1. Round to the nearest 10 and report in Å² the accessible area of residue 185, as given by a 1.4 Å probe over the protein chains' heavy atoms.
2. In a GNM of the chain with a 10 Å cut-off on Cα contacts, which of 97, 67, 284 has the highest mean-square fluctuation?
3. Let me check against my output: what whole-number percent is the relative contact order of the range 180-274, with C-alpha pairs under 8 Å and at least 6 apart?
4. How many angstrom lie between the Cα centre of the range 140-211 and the Cα centre of the range 4-33?
5. Count neighbours as other Cβ atoms within 10 Å of each site's Cβ, and list the trypsin sites (Lys or Arg not before Pro) in the range 4-46 that are DSSP loop with at most 16 such neighbours.
6. Using all Cα-Cα distances in the range 226-317, what percent lands in each 5 angstrom bin from 0 up to the longest?
7. How large is ³J(HN,Hα), in whole Hz, for each residue of the range 252-262 in order, when computed from phi with the Karplus curve 6.51 cos²θ - 1.76 cosθ + 1.60 and θ = phi - 60°, using x for Gly and Pro?
8. With a cap of 15 neighbouring Cβ atoms within 10 Å, and only residues DSSP puts in a loop, list the GluC sites (Glu not before Pro) found in the range 247-306.
Amino acid sequence: MPDTNSSSQLLIRGTILNPLSDTRLDVFPDGVLLLEREKTGGFRIRAIDHAKSFPLKQARDIPEIDLTGNLILPGFFDIHFHWVQDEVCSAPKENLLDWLTNHVFPREAKFADADYTRKQAAIFAKKLMRAGTFGGAIFCSLHACSVDSALESFTGDFVAGNPLMDMNSPPFLTHETKCALADLEALAERHGSLFAVTPRFALTTSPGLMRAAGKLARDKGLFTQTHLSESPREIASVVAMYSGIPGFEGMKTYTDVYDRVGMLTEKSVTAHAIHMSDDEYRLLAKRGTAVAHCPTSNAPIEERGLGSGLFDFRRAESDGVQWGFGSDIGAGPFLSMFDVMRSFVRQNRRKGIREATFTKALHRATRVGAEILGVGEDSGNLSAGKWANFIVCPAKFRVNDNEGMSGEEILDRLTSCLDTDRTRCESLISRAFYRGEEMSLE
Ligand SMILES: [Zn+2]
């Protein structure tokens, strides 16, 4: 192991996959990353290249971490998950609204205890690292301590917020509107731009609270995140409820509700957005609001999802909507973005949609997620100038022997065990480096 503590440069050698667009995934079968230490700490990528075209003279004096036989990929961005629902991901699935009542709300109530919350956050931080997730947008519980603990414990580029719930929620998980606002202001003060304003969804957050929260987000330039149009029953309830509320006269869609309270901005992420009209997608596009697509969570119940339907990414794209991926733990059964990517490909292929490739999936799970969260300049792939945030996956097949193997084939083979042998997949990621520093996966 080279002395990486003192060196200002570092070479990483292995098979590198660098996602550049929905249709372009660069593969360096025998590749090198040249890293350079920043004065303020951490390493950025100075160059990415094939080993054979890298000047040997330059390489001779630089300590090297030889990862030959392994795949090197950028760390993932999971732009929608509930860290406090980790324990319920294996609970039996019903439908969205019953699932919330029977499993999610009782679980989230436990996070009122700050000590318990701190311990759980430390455990979940390890899980995120083992999943290779280095950034994302997080739903906590309504308790302020669940935001504090997440932002203190998780390594990476995360924004986090406490779900605002001041109506239609169980008494043990309901805030007085005034208290919710006071918490919101204090959390925004404490965490600045890492705090995300988070109405749980239109059924649990009063219009008055959403309006005040939306104003706070706009005034302070904060992200907002919420759920949108996940199931037909949820949509019918929202439209029925809001059409009777003053200020929402003539309101036609679920998306309209969020727009009228000022919740849709260029710094907003709406999760799911499955059952949508073209007008709704166009409204999201007009506001610059992104969608977090959660294929494992929306998957059929026999695939351990909630059976909510499949996000029509082609229609969203043609209407101009930006979208990335979310694991949606705990409705989503798996934290790994490899599962999310494979579920996306599989569900779309079943419908004959060939544009749903692994190349596109990796791009969305890394670079696009980083861009949606405003950190695309610094993170999201392995291009020169960005932080050296990458994961290492042992290739259980011989990539180097076959220079012609495409990134698409490599990802397909790498994740093929997810369909058949989950225990073998626990070792999909063997090492993780954040800003060039190796992180413990123990
Ligand atoms: Zn969710």
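1. That residue has around 100 Å² of solvent-accessible surface.
2. Among 97, 67, 284, the largest GNM mean-square fluctuation belongs to 97.
3. Value for the range 180-274: 32 percent.
4. For the range 140-211 versus the range 4-33, the Cα centre distance is 38 Å.
5. Counting only loop positions with at most 16 other Cβ atoms within 10 Å, the trypsin sites (Lys or Arg not before Pro) in the range 4-46 are 24, 39.
6. 3, 14, 24, 24, 19, 10, 5, 1, 0
7. 10, 9, 4, 4, 4, 4, 5, 5, 5, 9, x
8. Listed in order of number, the matching sites are 249, 266.
The values are calculated or read from the model by the stated rules, or taken from the named source; none is laboratory data. Just so we're clear, the structure is a prediction, and the values are computed from it rather than from any experiment. Cβ: placed from backbone, ideal geometry, glycine included. Neighbour counts: every protein chain shown. To get the accessible areas, we keep the full protein, side chains included, count just its heavy atoms, and leave off ligands, DNA and RNA. Shrake-Rupley method; radii C 1.70, N 1.55, O 1.52, S 1.80 Å.
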